[in-house]
Amino acid sequence: ALSVLSSAGRLSSTLFYTDPFYSSPSWISKSFILMFTPVNQVRLTNVAVVRLKKKGKRFEIACYKNKVISWRNKIEKDIDEVLQSSRVFTNVSKGTMAKSKDLERCFDTADEIEVCKMILEKGQLQVSQKERKVEAETKLRDIATIVADKCINTDNKLPFPVEVIQTAMKELKFSLKPNRSAKQQV
């Protein structure tokens, strides 16, 4: 341990020096570090999760959201551009990876790239509440714009403003259908 003296000459704090070969303080034993390091855990941040439940087991992959949409629309061809990790997880947020015997039993293959392709095609893209809210507001605005383009105020022979249509839709408690386009809901 190394002591630091303040300007008054008193002992202010004690620091532990670090071993250059390990990033932990030297008072922590090497076996302590190895004992608490999870073997099958990977931490990912800023991910979009695609989830598929098959034969009672849940499988997830970590992807880039825009790339998943491009993959499903057959725009993106390179799977490495879509996936953040080519591993299959049982829980992405915890970093728990799926066992190969579960992959073999549920997908008839242990090849993780092939399993990732299956999950990308058939799985559900998990969307946050904030993203759903923004998407709903955008869709509501699109619907109001379409209605405003088609309707004319009979009093002054001018089109209704989009804001007036939006206010009327909110007062009527217009129900959006998230899986249908704005044009289909008019």
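A few notes on this one:
- Across the protein chains, with a 1.4 Å probe defining accessible surface, the residues Ile146, Ile152 rank Ile152, Ile146 from largest area downward.
- Simple Cβ-charge dipole of the range 142-186, Lys/Arg +1 and Asp/Glu -1, about Cα centre, in debye nearest 20: 240 debye
- Within the assembled protein chains, the solvent-accessible surface assigned to Thr96 is about 50 Å², based on a 1.4 Å probe.
- Take the range 89-164 with all the other protein chains still there, run a 1.4 Å probe, and you get 65 Å² of accessible area per residue.
- List Leu172, Leu140, ordered by accessible area with a 1.4 Å probe, largest first: Leu172, Leu140
- Within the accessible area of the range 113-186 (1.4 Å probe), percent carbon and sulfur: 55 percent
- Straightening the chain between Thr145 and Val186 buys 13.7 nm, computed as 0.36 nm per residue apart minus the Cα-Cα spacing.
- Dipole of the range 41-186 computed with +1 at Lys/Arg Cβ and -1 at Asp/Glu Cβ about the Cα centre; of Phe107, Pro161, Leu176, farthest Cα towards the positive end is Phe107.
- Spatially close Lys pairs in the range 109-177, defined by Cα atoms under 15 Å apart and a spacing of eight or more places or different chains, total 6.
- Here the range 64-107 is treated with +1 on each Lys and Arg Cβ and -1 on each Asp and Glu Cβ, and its dipole about the Cα centre works out to around 180 debye.
- Given a 1.4 Å probe and the protein chains as shown, Phe107 ends up with an accessible area of around 10 Å².
- With DNA, RNA and ligands ignored, accessible area of Glu131 (1.4 Å probe; Å², nearest 10): 70 Å²
- Full extension of the chain segment joining Val127 with Arg58 gains 23.1 nm, where the gain is 0.36 nm per residue of separation less the Cα-Cα distance.
The values are calculated or read from the model by the stated rules, or taken from the named source; none is laboratory data. Note that the coordinates shown come from a computational prediction; the quantities given were computed from them, not determined experimentally. Please note: Cβ atoms are built from the backbone with ideal geometry, for glycine as well, and neighbour counts cover all protein chains shown. Please note that ligands, DNA and RNA were not included when accessible areas were found on the heavy atoms of the full protein model with its side chains. Shrake-Rupley method; radii C 1.70, N 1.55, O 1.52, S 1.80 Å.
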